[in-house]
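The values are calculated or read from the model by the stated rules, or taken from the named source; none is laboratory data. Fair warning: this is a prediction, and the values are worked out from it, not measured in the lab. Glycine also receives a Cβ, built like all others from the backbone with ideal geometry; neighbour counts cover every protein chain displayed.
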Ligand code: NAD
């Protein structure tokens with residue numbers, strides 16, 4: 001098993017990619033703190049993991065709230081004694097509004113959840129990682145984190161910031177045994193995707209304009225495999241990187 005003996009916190013783990021990551025990590029031997037705003041969903045994921053013989057505990061967390069984020073990291077320590085892997089995956093989509101139509105309130109909410117939550121969780125986890133001299137951080141960015149053509153202004157800017165945090169954290173702590181990387185998923189079949197204008201048309205349009213692109217949206221389990229690689233020692237020389245899992249769209 002590739003994560004035997006490790007403890008992981010996964011945010012946004014009640015559904016979609018977070019759920020797939022939590023389940024795969026547990027299958028690979030990790031003890032998982034299943035964190036989500038949706039506590040019923042998180043409990044269901046944790047209980048499913050336990051029924052399959054794995055170890056998991058759920059916690060209600062609004063990653064936009066400082067106290068919740070701190071309590072989430074504390075939970076890993078109180079429950080399992082330490083933390084080895086932090087997956088900042090929770091995120092919300094915007095309403096595709098261009099900057100001319102963005103409302104301050106919506107902008108602030110998207111940044112609190114998608115960006116500030118990531119920074120705060122890393123900040124809280126760092127003393128644990130620094131003391132051990134090891135730790136892995138994985139942030140779910142988006143192809144919208146390096147392209148302007150995937151979402152509205154707030155989401156696009158928030159995910160560009162996630163990539164910035166990833167690179168800066170990877171750079172700042174590289175010599176302390178800590179690695180920080182991001183995954184940039186393309187259109188993936190999850191709940192959040194249903195808030196896109198039309199994920200099927202969005203996915204299909206790619207194949208019309210770009211040769212050599214995998215002609216479908218992704219599945220959460222395909223993103224989880226990238227998160228497993230980044231969490232495991234197999235990626236020991238990967239740091240400050242952003243791995244696109246988008247069927248090749250942003251390569252064109
Ligand atoms: P999802 O909606 O299935 O899962 C997101 C989870 O985050 C949900 O369980 C939700 O309850 C939780 N969440 C929302 N707000 C929260 C908050 N304030 N605090 C804690 N948890 C909260 O969607 P998903 O596609 O699995 O999204 C996971 C990540 O992937 C997000 O960061 C998203 O931006 C990113 N992403 C998704 C796609 C896609 O096409 N699905 C593409 C690129 C990036």
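The residue list 65, 74 contains one member that is out of contact with any strand residue (DSSP E or B) (no Cβ under 9 Å at 6 or more places or on another chain) and within 13 Å of residue 9 (Cα to Cα), which is 74. Only one of the numbered conditions (1) in contact with a strand residue (DSSP E or B) (Cβ under 8 Å, 6 or more places away or on another chain); (2) over 20 Å from residue 25 (Cβ atoms) is not met by residue 153, and that is (1). Within the span defined as the range 68-87, one or more residues are within 27 Å of residue 217 (Cβ to Cβ) and within 12 Å of the ligand (Cβ to nearest atom).
Looking at the range 141-155, is at least one residue more than 12 Å from the ligand (Cβ to nearest atom) and assigned to a helix (DSSP H, G or I)? For the range 141-155, residues more than 12 Å from the ligand (Cβ to nearest atom) and assigned to a helix (DSSP H, G or I): present. Among the residues making up the range 1-45, those that are surrounded by fewer than 24 Cβ atoms within 10 Å (Cβ to Cβ), part of a helix (DSSP H, G or I) and without any contact (Cβ under 8 Å) to a residue 60 or more places away in the chain are 27, 39, 40, 41, 43, 44. All conditions but one from (1) free of Cβ contacts under 8 Å to residues at least 12 places away in the same chain; (2) within 21 Å of residue 39 (Cα to Cα) apply to residue 131; the one that does not is (2).
Would you say residue 114 is within 13 Å of the ligand (Cβ to nearest atom) and assigned to a helix (DSSP H, G or I)? Taking the combined requirement at face value, the residue satisfies it.
Given (1) surrounded by fewer than 24 Cβ atoms within 10 Å (Cβ to Cβ); (2) within 12 Å of the ligand (Cβ to nearest atom), where does residue 55 come up short, assuming only one miss? Here residue 55 clears every test but (2).
Just one of (1) assigned to a loop (DSSP other than H, G, I, E, B); (2) surrounded by fewer than 17 Cβ atoms within 10 Å (Cβ to Cβ) fails for residue 62. It is (2). Here the range 221-247 is the region considered, the condition is being outside any helix (DSSP H, G or I) and out of contact with any helix residue (DSSP H, G or I) (no Cβ under 9 Å at 6 or more places or on another chain), and the residue that is surrounded by the most Cβ atoms within 10 Å (Cβ to Cβ) is 232.
Filter the range 117-140 down to residues that are within 12 Å of the ligand (Cβ to nearest atom) and in a helix (DSSP H, G or I) and give me whichever is farthest from residue 66 (Cα to Cα). Step by step, filter the range 117-140, then rank; the result is 118. Cβ-Cβ distances below 8 Å connect the following pairs, each with a first residue in the range 170-199 that is farther than 30 Å from residue 133 by Cα and assigned to a strand (DSSP E or B), a second residue that is near the ligand (Cβ under 8 Å from one of its atoms) and modelled with pLDDT of 85 or more, and a separation of six or more residues or different chains: 188/16; 188/17; 188/217; 188/218; 188/220; 188/223. Is it the case that some residue within the range 83-99 is part of a helix (DSSP H, G or I), over 16 Å from the mean Cα position of the chain (by Cα) and either surrounded by fewer than 24 Cβ atoms within 10 Å (Cβ to Cβ) or free of Cβ contacts under 8 Å to residues at least 24 places away in the same chain (or both)? Checked the range 83-99: at least one residue is part of a helix (DSSP H, G or I), over 16 Å from the mean Cα position of the chain (by Cα) and either surrounded by fewer than 24 Cβ atoms within 10 Å (Cβ to Cβ) or free of Cβ contacts under 8 Å to residues at least 24 places away in the same chain (or both).
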